[in-house]
Amino acid sequence: MSNFNHMIKPSDCPARIYGWYVFWSAIVILGLFLGLWQWERANDKRELMAMRDAAPTLEEPTETPMEGGRVILRGDYLEQYTLYLDNRIANGRLGVAVLTPLRDAYGQLWLIQRGFIETGASRAPPSAPTPEGVVEVSGEWQDTHGEGQLFGVNQEGVRLQQMSLEPWEASLGPFSHDGWLHAEHGAGVFTPWWEANVMPPSRHLGYAVQWWGLALAALVVMLLGGQRLIRDYRVRQ
């Protein structure tokens, strides 16, 4: 390694050797960068989990709840506007999630994800009973996030391919808050199936170590392979 600086002088190294160092240097830098990115994501997940744990339980709130917070709502289901989130699985069974708007005593419009009902492979329009009158439901609040990739239209009859507030807004107007309640208890609530998709910080730390290991391995290959290329080049001179 002591003659490394001498080995990469322009007078000694043809384009092939420079290309070798450039390629493996890029791999080393990429591994370091991705490792740091995963390390930062681990810190972000720690903060997110701490926020979720500290989120207060809100009863009939008039402001948007905190992501992951527990919320208790009272109001009337708008049964005629029920739609169904397609292709959900709970306990190995295929079905749909029931989505029904709820109007509370303050006139606020909320979207309630009421849980899972089994449909099997049938493509017949699903249906679920909805209680009348004032109901109380509670569960976890989830903010809207950027929608994932969607192939085709979102709504097919009463079925939706992904969660969105848009299918109701043409007829009911905008919802009061950008998100929905994943109901776990209360009237008209079926089998809970949803869980927050929060990867633990330890997983990101593991990825960081893997990327840094790749960077170290690439550095070793770059140095040892570069030495051999230069030695072979000199032998041929």
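May I ask for the net charge around residue 64, where only other residues with Cβ less than 11 Å from the Cβ of residue 64 are counted and Lys, Arg are +1 while Asp, Glu are -1? Write out the running numbers ahead of the final one.
Values: positive: none; negative: 63, 67, 143, 178.
Value of the local net charge: -4.
The calculated FRET efficiency for residue 22 paired with residue 49, based on their beta-carbon distance and R0 = 35 Å, is about 0.30. By the gyration tensor of its Cα atoms, with a ≥ b ≥ c the square roots of the eigenvalues, what is the shape of segment 28-85: rounded for a/c under 1.5, prolate for a/b over b/c, or oblate? Oblate is the answer for segment 28-85, as a/c is 1.5 or above yet b/c matches or exceeds a/b. Surface listing: 77, 106 arranged by accessible area from highest to lowest gives 106, 77, probe 1.4 Å.
Rounded to the nearest 20, the Cβ-based charge dipole of the chain about its Cα centre (Lys and Arg +1, Asp and Glu -1) stands at 2060 debye. Among the protein heavy atoms, those of residue 18 account for about 90 Å² of accessible surface (1.4 Å probe, every chain in place).
Using only Cα coordinates, the Kirkwood hydrodynamic radius of segment 16-130 works out to 18.8 Å. The length gained by stretching the chain between residue 80 and residue 169 to full extension, at 0.36 nm per residue less their Cα-Cα distance, is 30.6 nm.
Selection among 61, 90, 78 by position relative to the dipole of segment 51-93 gives 90 as farthest towards the positive end (Cβ unit charges, Cα centre). Among 83, 30, 58, the sequence by solvent-accessible area, most first, with a 1.4 Å probe is 30, 58, 83. Rolled with a 1.4 Å probe across the full set of protein chains, the surface gives residue 232 an accessible area near 60 Å². Which shape class, rounded, prolate or oblate, goes with segment 121-237 when its Cα gyration tensor gives a ≥ b ≥ c as root eigenvalues, a/c under 1.5 marks rounded, and past that a/b bigger than b/c marks prolate? Prolate. Pick out, from 224, 213, 168, the residue whose Cα sits farthest towards the positive end of the charge dipole of segment 165-237, with +1 on the Cβ of Lys and Arg and -1 on the Cβ of Asp and Glu. Going by the Cα projections, it comes out as 224. The length gained on full extension between residue 59 and residue 158, counted as 0.36 nm times the residue separation minus their Cα-Cα distance, comes to 32.6 nm. Mean silhouette area of the chain, derived from the convex hull of its C-alpha atoms and averaged over all directions, reads 19.6 nm².
The values are calculated or read from the model by the stated rules, or taken from the named source; none is laboratory data. Computed from a predicted structure; not experimentally measured. Every residue, glycine among them, receives a Cβ derived from its backbone with ideal geometry; neighbour counts consider all protein chains shown. Protein only, heavy atoms only, side chains kept; ligands, DNA and RNA dropped before computing areas. Shrake-Rupley method; radii C 1.70, N 1.55, O 1.52, S 1.80 Å.
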